[in-house]
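What follows is a short report on a single structure.
The values are calculated or read from the model by the stated rules, or taken from the named source; none is laboratory data. These numbers come from a predicted model, not from an experiment. Every residue, glycine as well, gets a Cβ built from its backbone with ideal geometry; the counts of neighbours run over all protein chains shown.
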Amino acid sequence: MNKPFLSVMLTGRNDNYGGDFRERLQNCMDWTHKQLTLHKIHSEIIFVNYNPLPEPAIKQFISWPKSNDFVSIRILTVDSTIHETLVNQGKVKNVPLLEYHAKNAGIRRAKGEYILCINPDIIIPAEIFADIKSVSKENFYRVNRFDFNTVSGETDIDELKKNITKVWLKDFSFAQKPREVSKFRHVEILLRQKIYFTKYNLLLFLSPILNLIWKVKYHPKAEMKYHCNVSGDFMLMHHMHWNKLKGHNEQSFISLHTDALMVIQAATLGLKEKVLSSPIYHREHLRRYDANDENPIYREAYLFFQEQAQKMITEKQPVIYNDEDWGLIKFDLKEEVS
């Protein structure tokens, strides 16, 4: 196979995270492999198998698609001894999957000209795969996300579009009863977002006066400037830029907002944000962290993101959080192919 144009990076482990991870991963792998093949994109799908349970072996966990002339499948394993080394340093919360260490491990070993980080339960519609064929290294690429209720079995994208339960746009999200987002509904959503942003910008303009009388001060929000919503589900940019930024911040105590920080790092590197016209689709499930919970650790993670984001935006340059050893490069990772 030719050198990959695209590396699709995702991670997980052989457990049942969220209640139905095996099925979500199977659908994501099958769909992504199928679309890359149909669109004839020379690519690799890298799955980082992080801190796996002893059984079942990852090759038996799901039915892995087979590599072909356009798509290769690489499975990298970060074993439990590496995980223990990381958590014993006391800098990160000891959870079974250190998401951004895992993602960085795949990014550091990717061979593609462009690297797309997604989560392992995302369905990317055909329109986006067509767009990917004409991306530019001067940009980084983001998308909106639509959540859907469970649609079991083989992915039927027309069916899941009828069961949209939540919409995630640039700092604008809302839930709805399961239904289709029609063209008319989509226009309505974009109009609501525009009103929301107009109100925000007006208050920001008036904030020097309003802050004299308001008890709670009105401050700029980085997520109103760049598309930071559910950033870990789709972040695409040139391999060179991932390397310049040395991947996601590996110093975060928890993974919350680490993906959003990467958006700001990319923007302040001088790249232009492009939001692709089609949304991606995500199947609802239980989550380890919920940014809406009134948890002081979650609040601290958000305040750190906001403080660091404003620093980068003001200084017009990214903060580089990792050293030359980022992406677990000192460790030999077992690699399997499918």
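Of the numbered criteria (1) closer than 26 Å to Lys330 by Cβ; (2) part of a helix (DSSP H, G or I), the one Asp131 fails is (1).
Are any residues in the stretch 10-28 in a helix (DSSP H, G or I) and in contact with a Phe, Trp or Tyr (Cβ under 7 Å, 6 or more places away or on another chain), and if so, which ones?
Listed by number, the list holds a single entry, Arg22.
Checking each residue in the stretch 131-163 for being without any contact (Cβ under 8 Å) to a residue 24 or more places away in the chain and touching an Asp or Glu at 6+ places or on another chain (Cβ under 9 Å) picks out Gly153, Lys162, Asn163.
Condition check ((1) among the aromatic types (Phe, Trp, Tyr); (2) part of a helix (DSSP H, G or I); (3) within 17 Å of the chain's Cα centre (by Cα)) across all residues:
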position	(1), (2), (3)
Val8	no, no, yes
Trp31	yes, yes, no
Ile41	no, no, no
Glu44	no, no, no
Val48	no, no, yes
Ser63	no, no, no
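The selection criterion, being touching a residue at least 60 places away in the same chain (Cβ under 8 Å), assigned to a strand (DSSP E or B) and out of contact with any helix residue (DSSP H, G or I) (no Cβ under 8 Å at 6 or more places or on another chain), holds for Ser72.
For the stretch 173-195, the criterion of being out of contact with any Leu (no Cβ under 9 Å at 6 or more places or on another chain) and closer than 28 Å to Tyr321 by Cβ is satisfied by at least one residue.
Just wondering, is there one or more residues in the stretch 324-334 that are buried (at least 16 other Cβ atoms within 10 Å of the Cβ), at pLDDT below 95 and either outside any loop (DSSP other than H, G, I, E, B) or under 19 Å from the mean Cα position of the chain (by Cα) (or both)?
Checking the stretch 324-334: not a single residue is buried (at least 16 other Cβ atoms within 10 Å of the Cβ), at pLDDT below 95 and either outside any loop (DSSP other than H, G, I, E, B) or under 19 Å from the mean Cα position of the chain (by Cα) (or both).
Name the residue that is farthest from His239 (Cα to Cα), counting only residues in the stretch 80-105 that are free of Cβ contacts under 8 Å to residues at least 40 places away in the same chain and among the small types (Gly, Ala, Ser). Walk me through it before giving the result.
So in the stretch 80-105, the residues free of Cβ contacts under 8 Å to residues at least 40 places away in the same chain come out as 80-81, 83-90, 94.
If we keep only those that are among the small types (Gly, Ala, Ser) as well, we get 80, 90.
Values: Ser80: 28, Gly90: 30 Å.
The residue in question is Gly90.
Note on the stretch 219-268: residues that are of a type in the set (Asp, Glu) and under 19 Å from Asn322 (Cα atoms) amount to 2.
Among the residues making up the stretch 269-282, those that are within 16 Å of Met240 (Cβ to Cβ) and in contact with a helix residue (DSSP H, G or I) (Cβ under 9 Å, 6 or more places away or on another chain) are Leu269, Leu271. Determine whether the stretch 67-75 contains at least one residue that is farther than 21 Å from Glu127 by Cβ, surrounded by fewer than 19 Cβ atoms within 10 Å (Cβ to Cβ) and polar (S, T, N, Q). Checking the stretch 67-75: at least one residue is farther than 21 Å from Glu127 by Cβ, surrounded by fewer than 19 Cβ atoms within 10 Å (Cβ to Cβ) and polar (S, T, N, Q).
Residue-wise test of (1) at pLDDT below 95; (2) more than 22 Å from Leu10 (Cβ to Cβ).
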{"site": "Asn249", "(1), (2)": "no, no"}
{"site": "Phe253", "(1), (2)": "yes, yes"}
{"site": "Leu256", "(1), (2)": "yes, no"}
{"site": "Leu261", "(1), (2)": "no, no"}
{"site": "Leu269", "(1), (2)": "no, yes"}
{"site": "Lys274", "(1), (2)": "no, no"}
{"site": "Ser278", "(1), (2)": "yes, no"}
{"site": "Tyr289", "(1), (2)": "yes, no"}
{"site": "Glu294", "(1), (2)": "yes, yes"}
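Against the list (1) under 19 Å from the mean Cα position of the chain (by Cα); (2) buried (at least 16 other Cβ atoms within 10 Å of the Cβ); (3) not in a strand (DSSP E or B), the condition Asp147 fails is (3). Within the stretch 181-199, being surrounded by fewer than 12 Cβ atoms within 10 Å (Cβ to Cβ) and not in a helix (DSSP H, G or I) holds for one residue alone: Ser182.
Take the residues in the stretch 92-109 that are surrounded by fewer than 24 Cβ atoms within 10 Å (Cβ to Cβ) and of a type outside the set (A, V, I, L, M), then tell me which one is farthest from Asp323 (Cα to Cα). Spell out the reasoning first.
Within the stretch 92-109, the first condition is being surrounded by fewer than 24 Cβ atoms within 10 Å (Cβ to Cβ), and the residues that meet it are 92-97, 99, 108-109.
Now narrow it down to the ones that are of a type outside the set (A, V, I, L, M): 93-94, 96, 99, 108-109.
On the way: Lys93: 20, Asn94: 22, Pro96: 24, Glu99: 18, Arg108: 13, Arg109: 16 Å.
So, considering only residues that are surrounded by fewer than 24 Cβ atoms within 10 Å (Cβ to Cβ) and of a type outside the set (A, V, I, L, M), the one farthest from Asp323 (Cα to Cα) is Pro96.
Name the one entry in Glu250, Glu223, Glu284 that is acidic (Asp, Glu), within 22 Å of Gln193 (Cα to Cα) and surrounded by 15 or more Cβ atoms within 10 Å (Cβ to Cβ). Quick ask: steps written out before the conclusion?
Working: Glu250 fails: within 22 Å of Gln193 (Cα to Cα); Glu284 fails: within 22 Å of Gln193 (Cα to Cα).
Sole residue among the options that is acidic (Asp, Glu), within 22 Å of Gln193 (Cα to Cα) and surrounded by 15 or more Cβ atoms within 10 Å (Cβ to Cβ): Glu223.
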